[in-house]
Amino acid sequence: MEQTFIMIKPDGVQRGLVGEIISRFEKKGFYLKGLKMMNVDRSFAQTHYADLSAKPFFPGLVEYIISGPVVAMVWEGKNVVVTGRKIIGATNPSDASPGTIRGDYAIVMGRNVIHGSDSIESARKEIALWFPEGIAQWQSNLHPWIYE
Ligand code: UDP
Ligand code: MG
């Protein structure tokens, strides 16, 4: 089944949003397959955001991501990449709808609480980068209550 990489950024951790964010993905019916809290160093953050290295906000973005621990997760489910992005909301919290994580909990782009992979291909790359040790193997007993 499809998987995505979700990361609670340092502001989300500091603001005590870890439980709330995990809850939203859990209650939707997605399965948590990987979870860890970690501090990332500058070169790791630069690798994660390599596609944005030419952008003017890149140095600030890297400083933001290394400013404290993050919570890295792998979530699994049908269409989890696209649906995960909908749960997260628009990059700019000013454009993010109420009911989305960024719409409910963030105000500016440089403190927008959470990251989610933008495609199946990025998800594959990001999961390999963040979870080189692999992820948990389990199947939820709720499966027939979530999928027909
Ligand atoms: N970002 C920013 N200023 C911008 C655009 C993006 O600070 O003008 C930050 C923001 O935290 C965003 C991250 O860079 O989440 C990665 O940008 P991307 O375009 O990939 O947005 P996302 O996929 O996170 O919605
Ligand atoms: Mg992105």
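Numbers for the structure displayed
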{"quantity": "Under 17 Å between alpha carbons - lysine pairs in the stretch 1-125 that sit 8 or more apart or on different chains", "calculated": "8"}
{"quantity": "Extension gain from Ala136 to Glu148, taking 0.36 nm per residue of separation minus the Cα-Cα distance", "calculated": "1.9 nm"}
{"quantity": "For the chain: Kirkwood Rh in Å [reciprocal of mean 1/r, alpha carbons]", "calculated": "15.6"}
{"quantity": "Cα point-scatterer Debye curve for the stretch 18-66, base-10 log of I(q)/I(0) at q = 0.14, 0.21 Å⁻¹", "calculated": "-0.53, -0.80"}
{"quantity": "Virtual paramagnetic centre 7 Å along Cα→Cβ of Met37, amide N under 18 Å, in the stretch 49-72", "calculated": "65-72"}
{"quantity": "Most to least packed among 118-125, 86-93, 135-142, 74-81 [average Cβ atoms within 10 Å]", "calculated": "74-81, 86-93, 118-125, 135-142"}
{"quantity": "The chain: relative contact order as a whole-number percent, Cα under 8 Å and 6+ apart", "calculated": "35"}
{"quantity": "The stretch 1-127 - charge dipole about Cα centre, Lys and Arg +1 at Cβ, Asp and Glu -1, debye rounded to 20", "calculated": "180"}
{"quantity": "Nearest-ten-degree value, helix 120-130 long axis tilted from longest Cα axis of the chain", "calculated": "70"}
{"quantity": "Simple spin-label estimate for Phe57 and Val18 in nanometres, 7 Å along Cα-Cβ", "calculated": "2.6"}
{"quantity": "Dmax and Rg, reported as Rg then Dmax, of the stretch 1-83 (C-alpha, Å)", "calculated": "13.7, 37"}
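No lab work stands behind these numbers, since they all come straight from the coordinates. Nothing here was measured: the structure is a model prediction, and the numbers come from that model. Positions of Cβ are generated from backbone atoms using ideal geometry, with glycine treated the same way; all protein chains shown enter the neighbour counts.
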